[in-house]
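These notes concern the structure reproduced below.
The values are calculated or read from the model by the stated rules, or taken from the named source; none is laboratory data. Source: prediction; values computed, not measured. Cβ placement follows ideal geometry from the backbone for every residue including glycine, while neighbour counts extend to all protein chains displayed. Calculation scope for accessible area: heavy atoms of the full protein, side chains included, ligands and nucleic acids excluded. Shrake-Rupley method; radii C 1.70, N 1.55, O 1.52, S 1.80 Å.
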Amino acid sequence: MNTLTSKTVTINRTIKEVYKFTTNMENFKSWFPKVIKIESNNSLNHAIVGKKYIETVIVPFKGESIISLNVVKAEENKIFITEGDFSPLFPKMTIKFHENSSNTTTLTWCMQSRNTNLIFTSLLLPIFKKIMNKRAKIGVQNLKTILEK
């Protein structure tokens, strides 16, 4: 597993509010750059293992791409993990939640690649790292702004 980026932000909201908003992936487009659309692809509730989404995102050198996302781990107010079926990156998004006080939450957003192929890690991974680092920095600040309104 290769880490592309990890960003942490403190949000002046309860952990319950932060977890509920963030784990509803249909909200992702409102705070994460270059996500055009994201919608549920099955009838499971948000933040449930097995929940599926279809995401339309801007990919460098390619333009719009559609990615299938699956929730693979969800522990209320603790951790939320999705994996995407997008070659060659095979992304894994992990969001961790920590309650600082009754009204303050620290969120850590991390993106990794499940692709360990040497050619990919040598040639393409550095490009994805640079792009995702920039997007993540903007994204967590957008999330903070939205939730603190």
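Can you list the lysines whose alpha carbon is less than 16 Å from that of K37, not counting same-chain residues fewer than 8 positions off? Excluding near neighbours in sequence, the set is K29, K52. Listed by chain and number, the lysines whose C-alpha is less than 19 Å from the C-alpha of K78, apart from same-chain residues fewer than 8 away, are K7, K16, K20, K51, K92, K96, K144.
Atom-type composition of the exposed protein surface of region 52-113 places 50 percent of the accessible area on carbon and sulfur (1.4 angstrom probe).
In degrees between 0 and 90, to the nearest 10, how far off the longest principal axis of the chain does helix 125-148 point, with axes built from Cα atoms? The angle comes out at about 20 degrees. Highest mean packing first, where packing is the average number of other Cβ atoms within 10 Å per residue, the peptides 104-113, 39-48 line up as 104-113, 39-48.
Region 109-133 and region 6-37 have Cα centres lying 22 Å from one another.
Considering the options F80, N115, L4, tell which one lies farthest towards the positive end of the dipole of the chain, charges being +1 on Lys and Arg and -1 on Asp and Glu at the Cβ, about the Cα centre. Towards the positive end, the residue furthest out is L4.
For region 2-148, the solvent-accessible area of protein heavy atoms averages 52 Å² per residue (probe radius 1.4 Å; ligands and nucleic acids excluded).
So what is the relative contact order for the chain, in percent, with contacts set as C-alpha pairs under 8 Å and at least six apart? Please report the intermediate quantities before stating the final value.
Numbers: 317 pairs, mean separation 48.5, N = 149.
Here the relative contact order equals 33 percent.
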